[in-house]
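First the structure, in the form of structure tokens, and then the observations on it.
The values are calculated or read from the model by the stated rules, or taken from the named source; none is laboratory data. Computed from a predicted model, the values in this text were never measured in an experiment. Because the Cβ atoms are built from the backbone with ideal geometry, glycine has one as well, and the counts that use them run over all protein chains shown. Quick note on the areas: whole protein, heavy atoms, side chains included, nothing else; ligands and nucleic acids left out. Shrake-Rupley method; radii C 1.70, N 1.55, O 1.52, S 1.80 Å.
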Amino acid sequence: MANHMQLNFQDASSPIMEELLQFHDHALMVALAICSLVLYLLTIMLTQKLSSSTVDAQAIELIWTILPAAVLVALALPSLRILYMMDEINQPDLTLKAIGHQWYWTYEYTDFKDLTFDSYMTPTTELPLGHFRLLEVDHRVIVPMNSTIRVIVTADDVLHSWAVPSLGVKTDAIPGRLNQTSFLTPRPGVYYGQCSEICGANHSFMPIVVEAVPLASFESWSSLTSS
């Protein structure tokens, strides 16, 4: 999870988030090259004598037409690739429905019978030692690792947003509408998120905790919870 001195993204915990981080670095390198070129041209203009005969006007027009187009292509192609990867959900192993309320989440495991629960933020006075304040919940979302999880997101009252940064997931919860996303985490762990929509006075107090466990542990948990 993020800390108070962190300047970069959280460590990627899913293949999609790894792709997003690579694209972020790629876009930064493109921006750095553009800034370096502009700084170089400004330096030349300020330090050298101006002359109208140094570069032909047609050559300049050709360069400033082709170069921006090449930059846009270099940014658009990997961006579209990641966009299609995020939208593609083929044969999910588990479907989870997240319903936003003011101000807590309700989760339904649609592949199981009567497996549903509410997830509230753990009050500071009841927080166990070593847990994170304003981020821990009384009931975590338990999912199996190395499995494609489809998340169907909606809301019961106002706009919410189901977001877990380290998994590369952020989907708006809109009343009367179903949005879907997916994620896969290759290793066990606990991943923290929060509602990313300004949904009211207690907007900051409806965190999201996803815990990825081995398949055997998930099956044991699901059988105990649904019974």
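Let me know the charge dipole size of segment 94-225 about its Cα centre in debye, to the nearest 20, where only the beta-carbon of Lys, Arg (+1) and Asp, Glu (-1) is charged.
It works out to roughly 360 debye.
Kindly sort ILE82, ILE34, ILE152, ILE66 by accessible area of their heavy atoms, largest first, with the probe set to 1.4 Å.
Largest to smallest exposure gives the sequence ILE66, ILE34, ILE152, ILE82.
Given Cα pairs under 8 Å that are at least 6 residues apart, what percent is the relative contact order of segment 94-225? Before the final figure, lay out each step's value.
Values: 331 pairs, mean separation 35.9, N = 132.
Answer for segment 94-225 is 27 percent.
Using θ = phi - 60° and the Karplus relation 6.51 cos²θ - 1.76 cosθ + 1.60, list the HN-Hα couplings for segment 136-149 in order, rounded to whole Hz, with x at every Gly or Pro.
7, 10, 6, 10, 7, 7, 9, 9, x, 6, 6, 9, 7, 9
Rounded to a whole number, what % of the accessible area of segment 94-225 do carbon and sulfur atoms account for, probe 1.4 Å?
53 percent
What is the distance in Å between the Cα centres of segment 67-102 and segment 15-48?
If you average the Cα positions of each part, the centres end up 23 Å apart.
Taking a virtual spin label 7 Å from the Cα of LEU41 along the C-beta vector, which residues in segment 59-76 bring their backbone nitrogen under 14 Å of it?
Label zone hits: 59-71.
Starting from the eigenvalues of the Cα gyration tensor, five times each then square-rooted, give me the equivalent ellipsoid semi-axes of the chain, largest first, whole Å.
Taking √(5λ) for each eigenvalue gives 46, 20, 17 Å, largest first.
Give the longest segment of the chain that steers clear of trypsin sites (Lys or Arg not before Pro) in DSSP loops with at most 11 neighbouring Cβ atoms within 10 Å, not counting the sites themselves. Can you show the working numbers first?
On the way: sites that count: LYS49, LYS113, ARG133, ARG177.
Free of exposed loop sites, the longest segment is 50-112.
Considering only PRO214, PRO186, PRO68, give the residue with the highest GNM mean-square fluctuation for the chain, with springs between Cα atoms whenever their separation is below 10 Å.
The residue with the greatest mean-square fluctuation here is PRO68.
How large are Rg and Dmax for segment 30-109 when calculated on the C-alpha trace, in angstrom?
24.7, 72
Rounded to the nearest whole Å², what accessible area per residue is found for segment 94-225 with the 1.4 Å probe?
47 Å²
Which helices, counted as full DSSP H runs in the chain, have an axial Cα extent of no less than 27 Å and a Kyte-Doolittle average of 1.0 or above?
Both cut-offs are met by 15-47, 57-87.
Within segment 1-101, list the GluC sites (Glu not before Pro) lying in a DSSP loop whose Cβ has at most 16 other Cβ atoms in a 10 Å radius.
Sparse-neighbourhood loop GluC sites (Glu not before Pro): GLU88.
How many percent of all Cα-Cα pairs in segment 94-225 sit more than 27 Å apart?
Value for segment 94-225: 13 percent of Cα pairs lie more than 27 Å apart.
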